Amino acid sequence: MTLQQILFLIFSAITLIAALMVVTRRNLCHAALFMVLSFFGVAGLYVLLEAPFLAGVQVFIYVGGISTLIIFAIVLTRDVVDPTLPPHNRQWIAGALVMALLCSVLIWTVLGYQWTTTTPGQVPADSIARLGTILVDPEGFLLPFEVTSVLLFAVLIGAITIARER
Amino acid sequence: MVYGIPLEWYLIVAAALFCIGGYGVLARRSAVATLMGVELMLNAININLVAFWRYLEPPGTTGQAFALFVYAVAAAEAAVGLALIIAVWRTHNTVVLKDLDMLQG
Amino acid sequence: MHNQSDLLLNLAWLIPLFPFLAFAIIPLGVYRNRKLSHGLVIGAISIAFLLSQIVLWRAVGVWSIEHTLAYESPIIHWLSSGYERFGLGIYIDPPTVVMLFVVPLICMMTFIYSVGYMNFSVQVDPRYSRFFSYLSLFAAGMLGMVIFNNLLAFFICWEILDICSYLLIGFWYEKRPDLDRITPQEAGLKAFIVTKIGDLFFILGLMLLYAEIGSLTYSVIFSHETLEQLTHTPFLGTDMATVIALLLFGGAVGKSAQFPLHVWLPDATQVPTPALALIHAATVVSAGVFLIVRTFPILQVADAGVLAFEGIPFVALIGAFTAIFASVVAVAQNDVKRGLAFSTISQLGYMVAALGIGAYVAGTFHLITHAFFKALLFLSSGSVIHGLEHGHHHAHEHHEEHEKWFDPHDMMNMGGLAKRMPRTYLAFVIGGLALSGFPILTSGFWSRDNILVQAWAGNLIVFWTLAITAGLTGFYTMRQLCLTFAGEPRTGAAQYAPESKPAITTPLLILAAFAVGLGWISIPEQLPVVGGIVPNWFHHFMLSTIAASEHVFDSTPMLIGAGLSLTGLLMGWLVYGYKPLKASEIDRIEAVMRKIRLGWLYRAAANHFYLDSLYQNGVVWAVLKLADLADWFDYGQPQKRESDGQIVLVKRHGVVDGIVHNAGRVGNLVSQAANWIDATLVDGLVNLVGATGRHVSADLDAFDLEIVGGIVNGVGEVKFLGGWIRHIQTGKVQFYLLIASVTVLVLIIGFFAIIFLPI
């Protein structure tokens, strides 16, 4: 067992166990915090995959942005529902079955296919610089980049308009 | 095999995370909890993308760039979703999805 | 450079790790278990203390063999962006060793003390564990700042100290003291914001340095070539080195509470006392001075003529002015903690002045001796205050006191405690004597007079300022001692105050031993009789890696300094101790000054020369008004209007809000236009279709009646099916999703079945 394998197991365990907690906790604040923990786990996996920039972006956007948004939403929409009710709804068994089945199918597919025959190469040292370059390269991802900006702008105005006080 | 971790392990983790998120979407009462499930699913997708990038084409950038766009879209979707939840909360005073069945046929 | 990787010195990596782990573990796990929380924290700091002792003595061992000490550990790369990679390593050289000696020891003493302090009252603080985790983070930040090898890590730990300051000062955030006192939350915010102003300068200096040199690692930026490059690069009328040095000094001004950014320190007295001791003596403020010590090479090559005044370099100017300003204010303070706060500001001024005139060794030495005796003074004042609070409860039970607002910090409520709290009294006396620099016996004397000696040969104005401050220091110290401990108790609380428990008094006595003994590591060799017995070890140690010039020893300034401080002590005793103040007698100085019509001067000093009000009414008011303006720009002012006899709030939109509103309106108009087009055009079409249909159906009416009628009747039978299908549309999103997932799953399994099952 190399160090990386152990780290992989630790990070995966953190991610998956935290995710399980997210979907089963009754208290939404706990669920949100476990979600944050899960995001950190994913960031750890990115570091193992030698994508440190994405790990940083993960922490910034998910933990720093989206988790904050969700916590705000939890606070602003305090449930007046009876707190002794279980956290799941009436179709939870069906949902669990379907998802378990889906998971098995996916895992069976993954394990049954020969993804790669050669050992993967090294990540070049300037991979982050390349990423930055290709995002603004007209023959690269410039168009999606600009479209994403427009999308975010639209979302900004849309979200404000939807959630305004009347 | 990078550092002794085969690609399949990452894909399995991603699949598991996706399905856990899916369960969250399908089986939670509160709309905010559903959104949390969606975020988990998007994370799983990203893990998939980055794992494929690392194992199949490390000198390239497509995987990471795709993942970045997924981040942007996830953020956008979370913002709009939460705005909708807040708007619904204002008018109907509940975020329990079971009670939001105004489109019932 | 000791380039081989040295295992024992590399242990330094672990030093900040344990306190940081303690900080992290407590909120995650052991929050409810108080004993475990404080046990964890004390365990962590003890391990850190042991490790730092190992590292320290190993470093000294290395030094005694090689006569130089600048060890850099192997570097790990921790941040990469583009082509840059930041490296993080441990750097051990004399200042590090000195701080490693001081910081863990004082932290450990303070943590043990905190256990006693926080457990004293019957009702234990509900946020007990949180307090200890903050303390632990504080220690981790300070230790990290001391050992890492680059300015970026230094800055990160510096900011950790900032946030801990804020959290600890505002810890008792429910406290609502007198209306004219500041609340803990405000004090915390004030500390944070004022030090941030200093941090702004710091980070500007860092940015300049990085842009110029391309690295922030000590071994790179303090090398000869870099310093040469900095002094020869012109910038803003002077050279780059001067600008960077002044900017970095700005950071120290904020953190070490020099004038004009000293205003946060006195209001930080709201924090529970052991943390206050830490903040003052061992961490935040000495962090600022440590910054100057660390970046001393840049300060050395900076042009001293820039911003100088009458030949005094700017740094020394700020330091000396702060020293004398704060000691004048300290004379007029009645709150014991506030008086000690100003005393700290004054002593820090000493250190900064020393470093400003190039007295590297003297400034650093005073830093470490001050750490000990200030911690001692703060912890013993905490013991006094606790005793007073206990005594107040006691007096209450005996119904001897009215239920008025009782301030246990006010020295006017004390008196006669020497008999009631002997160990605390002893500790306070030793600390006070060290602070005033009682000759020979106390460490304060050796360190402070070292500074005076350097000033005498360097710059006479600075010397006389510091010397007068020495006299004032003696005076206000004796004042505090007499008001607190001498004479008869002035209130019921003082009458019943008990001595504190050993968890509190033991650290006091240990620190007292250091306050006395530490002085002997740096006795100048030329001093007759006493000098030469022990070589001036500290002097050699500190100067081994830095080329600072130290002036030849001269006994005259030493005698002047000793004389002035003894005079101050004597005057203090004469005014306050000879005939101690009785109850409800106002301060004698105040009375005298009122008589000679200078009462306003005393009051001004008591209000620290109104600097606080100036900031509050000037700067803060301006910022708040600016924020209001921005808010108006954004959102507009709601107007009140009368409507049907009721006051109605009508919103008027600000600029930004107006833009959004109008964008929405445009969208609305567009959709209305589309709606109109839809309604008229589509309507017209629909009407046309309807008319045609009517004509056609009128003609085919009879034909339809049979065939279509028959079909319709048949369709009616399907209504039952429709009624059943209708239930699929439940309106519930999750149900739809479930159906969708099931469908997808079925399709996937179907695909695989078709592909893989032999058919």
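Taken over region B:39-49, the residue count meeting the criterion of being open to solvent by 10 Å² or more (accessible area, probe 1.4 Å) and free of Cβ contacts under 8 Å to residues at least 24 places away in the same chain is 1.
Within region C:709-759, being more than 12 Å from every other protein chain (Cβ to nearest Cβ) and under 24 Å from residue B:23 (Cα atoms) holds for no residue. Counting residues in region C:339-354 that are over 24 Å from residue C:422 (Cα atoms), in contact (Cβ under 8 Å) with a residue 24 or more places away in the chain and either open to solvent by 10 Å² or more (accessible area, probe 1.4 Å) or in the same structural domain as residue C:474 (by TED's automatic domain parsing) (or both) gives zero. Here is the figure for region B:65-105: residues that are away from chain C (no Cβ under 14 Å) and in contact (Cβ under 8 Å) with a residue 40 or more places away in the chain total 2.
Here is a yes/no grid of residues against (1) of a type in the set (Asp, Glu); (2) part of a strand (DSSP E or B); (3) touching a Leu at 6+ places or on another chain (Cβ under 7 Å); (4) modelled with pLDDT under 80:
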residue	(1), (2), (3), (4)
C:165	no, no, no, no
C:175	no, no, no, yes
C:196	no, no, no, no
C:199	yes, no, no, no
C:205	no, no, yes, no
C:225	yes, no, no, yes
C:228	yes, no, no, yes
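For residue C:427, the test of being under 30 Å from the mean Cα position of the chain (by Cα) and not in a loop (DSSP other than H, G, I, E, B) is passed. Filtering region A:87-129 to residues that are over 24 Å from the mean Cα position of the chain (by Cα) and within 7 Å of chain B (Cβ to nearest Cβ) leaves A:91, A:116, A:119, A:120, A:121, A:122, A:124.
Going through (1) open to solvent by 20 Å² or more (accessible area, probe 1.4 Å); (2) under 24 Å from residue C:351 (Cβ atoms) one by one, residue C:202 falls short only on (1).
Criterion applied to A:133, A:68, A:109, A:119 was being of a type in the set (Ser, Thr, Tyr) and loosely packed, with under 12 Cβ neighbours inside 10 Å, and the one residue passing it is A:119. Do you know which of the residues in region A:22-65 that are part of a helix (DSSP H, G or I) and of a type in the set (S, T, N, Q) is surrounded by the most Cβ atoms within 10 Å (Cβ to Cβ)? Here the residue is A:38.
Tell me, which residue of region B:50-60 that is within 22 Å of the chain's Cα centre (by Cα) and facing another protein chain (nearest Cβ under 7 Å) is surrounded by the fewest Cβ atoms within 10 Å (Cβ to Cβ)? Looking at residues that are within 22 Å of the chain's Cα centre (by Cα) and facing another protein chain (nearest Cβ under 7 Å), I get B:54.
Cβ-Cβ contacts under 8 Å between residues 6 or more apart (or on different chains), taken from a first residue in region A:146-166 that is over 13 Å from residue B:82 (Cβ atoms) to a second residue that is surrounded by 12 or more Cβ atoms within 10 Å (Cβ to Cβ) and of a type in the set (Val, Ile, Thr), are listed as A:148/B:73; A:151/B:73; A:157/C:660; A:161/C:660. Count of region A:130-156 residues, restricted to those that are closer than 30 Å to residue C:660 by Cβ and either within 7 Å of another protein chain (Cβ to nearest Cβ) or touching an Asp or Glu at 6+ places or on another chain (Cβ under 6 Å) (or both), is 6. A single member of C:602, C:576 is open to solvent by less than 60 Å² (accessible area, probe 1.4 Å), in contact with a helix residue (DSSP H, G or I) (Cβ under 6 Å, 6 or more places away or on another chain) and modelled with pLDDT under 70, and it is C:602. Scanning region B:22-49 for residues that are more than 7 Å from chain A (Cβ to nearest Cβ) and of a type outside the set (A, V, I, L, M, F, W, C) returns B:34, B:46, B:48. Among the conditions (1) within 30 Å of residue C:464 (Cβ to Cβ); (2) open to solvent by less than 10 Å² (accessible area, probe 1.4 Å), residue C:438 misses just one, which is (2). Restricting attention to region C:702-725 and to residues that are open to solvent by less than 90 Å² (accessible area, probe 1.4 Å) and farther than 30 Å from residue B:104 by Cα, the residue that is farthest from the chain's Cα centre (by Cα) turns out to be C:702. Against the numbered list (1) closer than 30 Å to residue A:120 by Cα; (2) facing chain B (nearest Cβ under 7 Å), residue A:73 comes up short only at (1).
The values are calculated or read from the model by the stated rules, or taken from the named source; none is laboratory data. Please read these numbers as outputs of a predicted model, since none were measured by experiment. Here the Cβ is made from the backbone with ideal geometry for all residues, glycine too, and neighbour counts use every protein chain on show. Ligands, DNA and RNA are excluded from the accessible area calculation, which covers all protein heavy atoms including side chains. Shrake-Rupley method; radii C 1.70, N 1.55, O 1.52, S 1.80 Å.
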